[in-house]
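Structure first, commentary second.
The values are calculated or read from the model by the stated rules, or taken from the named source; none is laboratory data. This is a predicted model, so every value here is computed, not measured. Every residue, glycine among them, receives a Cβ derived from its backbone with ideal geometry; neighbour counts consider all protein chains shown. For accessibility, only protein heavy atoms count, side chains too; no ligands or nucleic acids. Shrake-Rupley method; radii C 1.70, N 1.55, O 1.52, S 1.80 Å.
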Amino acid sequence: MTNKLKSLLWLRWQFLLSNKLFLILVVSPPLYILLMSSMGDSTTTSAFIGTGMSVIYSISAGSFISMMISEEKEKKNLKTLILSGVKQSEYFFSVLIFPVCLSFLFSILVPLILHIDHMAWKNFLIVVFLTIIVFVLLNLLIAFLAKN
């Protein structure tokens, strides 16, 4: 990893830690699913997997990117980063790494929290990964096309 990419990842980490409301927003989907899992038996809670996954996709993969890029646009950090020599690939990788990792981690936690016994993990992980990529790319497009 280059020093610029490490610096950008550190910047993302500091953004996440400094904004407490956003940190709670990002960490809330597993807590929400844990709350849902305590409301019934295993057959009832397995019906919540769709709701839990959609919350994870929209919050962890979606709003994380949109809010991060919009804040950089507001504070004019994006122009500063480009003028300091940050390449587009480094910037995109630094924007994508946290949402993809958090969403993938939370998506793996959902069946474990809901105590789903019989699961086709290979198919589940493939679908989860592709869905996360779609959500991330869609929100990345929205973030870059929006003016504010």
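Below is a table of values for the structure above.
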{"item": "Pairs beyond 20 Å (Cα-Cα), from Lys4/Lys87; Lys20/Lys79; Lys6/Lys122", "result": "Lys20/Lys79; Lys6/Lys122"}
{"item": "Largest to smallest accessible area among Ser18, Ser37, Ser58 [probe 1.4 Å]", "result": "Ser18, Ser58, Ser37"}
{"item": "Cβ-derived FRET efficiency at R0 22 Å, Ile142 paired with Ser18, nearest 0.05", "result": "0.40"}
{"item": "Residue among Ser54, Ser84, Ser66 with the largest mean-square fluctuation in a Gaussian network model of the chain, springs linking Cα atoms under 10 Å", "result": "Ser84"}
{"item": "Region 68-146: radius of gyration over Cα atoms, expressed as a fraction of 2.2 N^0.38 Å", "result": "1.41"}
{"item": "Between helix 121-145 and the chain: long-axis angle, C-alpha atoms, 0 to 90°, nearest 10", "result": "40 degrees"}
{"item": "The chain, accessible surface, carbon-and-sulfur percent (1.4 angstrom probe)", "result": "71 percent"}
{"item": "Candidates Ser89, Ser60, Ser28: whichever shows maximal mean-square fluctuation once the chain is modelled as a Gaussian network with Cα springs under 10 Å", "result": "Ser89"}
